[in-house]
Amino acid sequence: MTEERDQHSLFSRKISRRTALKGAGAAASLALAPGFVRYAQAESSEPIKIGFQAHRTGIGAAYGRWYEITTNAAVKQINDAGGINGRPVEVIVEDDGTDPARGAEVVGKFANQHKTDVVYGTLFSHVVVGSAPTAGELKIPYYVVSEGYHVASGKLNRWCFQPGITDVRSQVTAMAPWMAATLGKKVTMIFPDYAFGYDHRDYLPPALKKQGAEVIAQLAIPPTETSFTRYFPQIPAETEVLYHVMVGPAVLTFVKELGEFYGSNKPQLFGFIDSLEAVDINSPGLEFLDGSHFWEGSPRYAQPNDSDAQKAYRAAVGIDDNGASVKDPKDVSTAAHMFGCWETLYVIKQAMEAAGYKGPGDRAKLVEATEALTSFPEGKEHPQGDKTFNGKLHQCYGHQNISKLEGGKLKVVHRTKIEDGLYEPEGNYTTMAL
């Protein structure tokens, strides 16, 4: 960076017309050289700074690591293609510990110390909710890669967006018809006892009711719990479908203990893949899951009909056909979520280019440019599939995948349509002052 500033200083000095012509000729030759990245066409060669609020530690660490891997892969591809508005992208990482209070501190640090252009990447909903007010106070765009209904609810502020991954309300609305028609009508829910879990608690029951099904019991479990056996006797005997979504480092314990409790006499199981994200499905003790179904945002296992964009994305982030690291088959990815990082970065790029973004002084313009977006076609920038974007809600809507565990692999058996996940909006961020 020092060298870059020194070069900028040299070129700022007064030079003769002959020297200028020689320099122009040299620059033209360089521009034609193989591998030349055309950052020089931008008004500034200073990088676009993206503050990545990462869950490097805490209950979200497994997600955070793969979010970071995906982020680095996407930024490399963006920079290899010339960056954003002709400027390179630089990612600055701060660990929020998957903690709301620390998350707010990190947002402040990005805005005041690192002077980043935006803040990006947060997953766990309680951290999003705890950090969003700081983003609004400091007027820095906050692009989260979460799933909670917090953004789409209209309860945050105009500086918060979720443009690269769908929200829980949309997900359960889209999947409820298939669940009720295929698995059963009497449903018991097990979910984490915090904001993300409450979205499932609040929006799955009405979605199922419209399909003639009902939720007969709800079990909220602390996400930091390490043993779950004492909760299982609370599941009603008449349960036909057990809907489970757990998070954190103890998810393997959760599914193992669930299997020990039920044995072979179990209800139909429908799990959000969160219960097995970053966990090898073929781990000892998980045999009872065979034949059960899971929701997946982006499928962990390569599918026969994968698009060229999906194949290229998987290669770029370094996962094999089983959804594990190409470097270590035991290192299972968080494939159902981490695609949102890739897609969100490309949304930021698209909005910055539409706004003619030059720096922090254009942050309000960036917010308005993001709100003006309406759709994202499937392709290398959006490998999970096409999406629509509601600028009033700051939320995108896409496809969901329901997969069945068979033969040690998850196979997609149903893919929802975008319209399946739409609901009546409750807010409008564009009415808020910037």
- Of Asn282, Ala61, Ala433, which is farthest along the charge dipole of the chain in the positive direction, counting Lys and Arg as +1 and Asp and Glu as -1 at C-beta? Ala433
- Note on the structure: re the stretch 101-212: pairs of Cα atoms spaced beyond 19 Å account for a percent value of 49 percent
- Query: Relative to the first principal axis of the alpha-carbon coordinates of the chain, what is the inclination of helix 61-80, with its axis defined by its Cα atoms, in degrees from 0 to 90 and to the nearest 10?
  - Reply: 40 degrees
- Message: Please report the spacing between the Cα centers of the stretch 64-104 and the stretch 132-152 in Å, no decimals.
- Response: 16 Å
- Item | Globularity index of the stretch 325-434, i.e. its alpha-carbon radius of gyration over 2.2 N^0.38 Å | 1.32
- Calculate, in nm to one decimal, what Thr226 and Leu138 gain on full extension: separation in residues at 0.36 nm each, minus their alpha carbon distance. 27.9 nm
- Message: As an exercise, identify the trypsin sites (Lys or Arg not before Pro) in the stretch 173-231 lying in DSSP coil whose Cβ has no more than 13 other Cβ atoms within 10 Å.
- Response: Lys210
- Quick one: length gained pulling Lys380 to His414 fully straight, 0.36 nm per residue minus the C-alpha distance? 10.0 nm
- What trypsin sites (Lys or Arg not before Pro) does the stretch 244-332 have in DSSP loop regions with at most 11 other beta carbons within 10 Å? Lys327
- Only Cα pairs under 8 Å and at least 6 apart count here; give the relative contact order of the chain as a rounded whole percent. 16 percent
- State the percent of C-alpha pairs, over all pairs in the stretch 144-183, separated by a distance greater than 10 angstrom. 70 percent
- Message: With an 8 Å Cα cut-off and a minimum separation of 6 or more residues, compute the relative contact order for the stretch 282-434 in percent.
- Response: 27 percent
- Mind checking the dipole of the stretch 295-434: about its Cα centre, +1 per Lys or Arg Cβ, -1 per Asp or Glu Cβ, Debye to the nearest 20? 260 debye
- If R0 is 30 Å, what FRET efficiency do you get for Gln113 and Leu434 from their C-beta distance, rounded to 0.05? 0.85
- Task: Report P(r) for the chain: all Cα-Cα distances, bin width 20 Å, range 0 to the bin holding the largest distance, values in whole percent.
- Result: 26, 54, 17, 3, 0
- About the Cα centre, charge dipole magnitude for the chain (Lys/Arg +1, Asp/Glu -1 at Cβ), debye: 1340 debye
- Message: With a 1.4 Å probe and all protein chains left in place, how much accessible area per residue does the chain have, in Å²?
- Response: 42 Å²
- Query: Could you sort Val412, Val255 by accessible area so the largest value comes first, with the probe set to 1.4 Å?
  - Reply: Val412, Val255
- Task: With springs only between Cα atoms under 10 Å apart, run a GNM on the chain and tell me which of Glu238, Glu424, Glu46 wobbles the most.
- Result: Glu424
- Task: Relative to the compact-globule scaling 2.2 N^0.38 Å, provide the ratio for the alpha-carbon radius of gyration of the stretch 177-223.
- Result: 1.14
- Linear extension gain, Glu287 paired with Asn305, 0.36 nm per residue minus alpha-carbon span: 3.8 nm
- Quick one: what do you get for the stretch 260-335 if you divide its Cα Rg by 2.2 N^0.38 Å? 1.22
- Sort out for me the Cα centre separation of the stretch 222-284 from the stretch 340-408, rounded to whole Å. 32 Å
- Task: Treating only the Cβ atoms of Lys and Arg (+1) and Asp and Glu (-1) as charged, compute the dipole magnitude of the stretch 203-325 about its Cα centre; round to the nearest 20 debye.
- Result: 280 debye
- Message: Using a 1.4 Å probe on the protein heavy atoms, what percent of the accessible area of the chain belongs to carbon and sulfur?
- Response: 51 percent
- Enumerate by residue number the GluC sites (Glu not before Pro) in the stretch 333-434 meeting two conditions: DSSP loop (anything except H, G, I, E, B), and at most 16 other Cβ atoms within 10 Å of the site's Cβ. Glu378, Glu426
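The values are calculated or read from the model by the stated rules, or taken from the named source; none is laboratory data. Please read all numbers here as calculations on a predicted model, not as lab measurements. Heads up, the Cβs are rebuilt from the backbone with ideal geometry, glycines too, and the neighbour counts pull from every protein chain shown. Note: areas computed on protein heavy atoms with side chains; ligands, DNA, RNA excluded. Shrake-Rupley method; radii C 1.70, N 1.55, O 1.52, S 1.80 Å.
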